[in-house]
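Q: First, the structure itself, so that you have it in front of you.
The values are calculated or read from the model by the stated rules, or taken from the named source; none is laboratory data. Please read these numbers as outputs of a predicted model, since none were measured by experiment. Here the Cβ positions follow ideal geometry from the backbone for every residue, glycine too, while neighbour counts run over all protein chains shown.
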């Protein structure tokens, strides 16, 4: 009975891992790695005074990171790229960040205090 239970458990786990691969094209470990990479990058952005985390979308596929969104200037883009490159397991960083020309209306976003401060 124990062998049957163990066999069924192993069969279930293999179906789970195979199903993950079939649905996403990634093995389970790669999914976890990419999720950790994205979380770590977003965390670095959240705690940085130089990067506006909510304006940058981060995606990762097998450690290849893509940044999409808006930044205020080239310095902010450089910092965002550098922070992403310094995260463990990141193989490359591709930036599709655009410099957003901030009008006076948009600037009020930056002038307000964060509710987290």
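Q: Taking the condition of being farther than 15 Å from residue 35 by Cβ and more than 10 Å from the chain's Cα centre (by Cα), how many residues in region 53-67 meet it?
A: 3
Q: What pairs come up if the first residue lies in region 81-102 and is touching a residue at least 24 places away in the same chain (Cβ under 8 Å) and at positive phi, the second is surrounded by 15 or more Cβ atoms within 10 Å (Cβ to Cβ) and in a loop (DSSP other than H, G, I, E, B), and their beta carbons are under 8 Å apart, counting only those six or more places apart or on different chains?
A: 89/63
Q: Something else now. I'm checking my understanding of the structure. Among residues of region 25-35 that are out of contact with any strand residue (DSSP E or B) (no Cβ under 6 Å at 6 or more places or on another chain) and part of a helix (DSSP H, G or I), which one is modelled with the highest pLDDT?
A: This residue is 35.
Q: Please verify whether residue 79 is assigned to a helix (DSSP H, G or I), surrounded by 11 or more Cβ atoms within 10 Å (Cβ to Cβ) and either touching a strand residue (DSSP E or B) at 6+ places or on another chain (Cβ under 6 Å) or at pLDDT 55 or above (or both), treating the condition exactly as stated.
A: Here the answer is yes, as residue 79 does meet what is asked.
Q: Has region 55-69 got at least one residue that is more than 22 Å from residue 101 (Cβ to Cβ), without any contact (Cβ under 8 Å) to a residue 12 or more places away in the chain and touching a helix residue (DSSP H, G or I) at 6+ places or on another chain (Cβ under 8 Å)?
A: no
Q: Tell me the residue from 38, 90 that is assigned to a helix (DSSP H, G or I) and either touching a strand residue (DSSP E or B) at 6+ places or on another chain (Cβ under 9 Å) or surrounded by 17 or more Cβ atoms within 10 Å (Cβ to Cβ) (or both), please.
A: Criteria check complete, one pass: 38.
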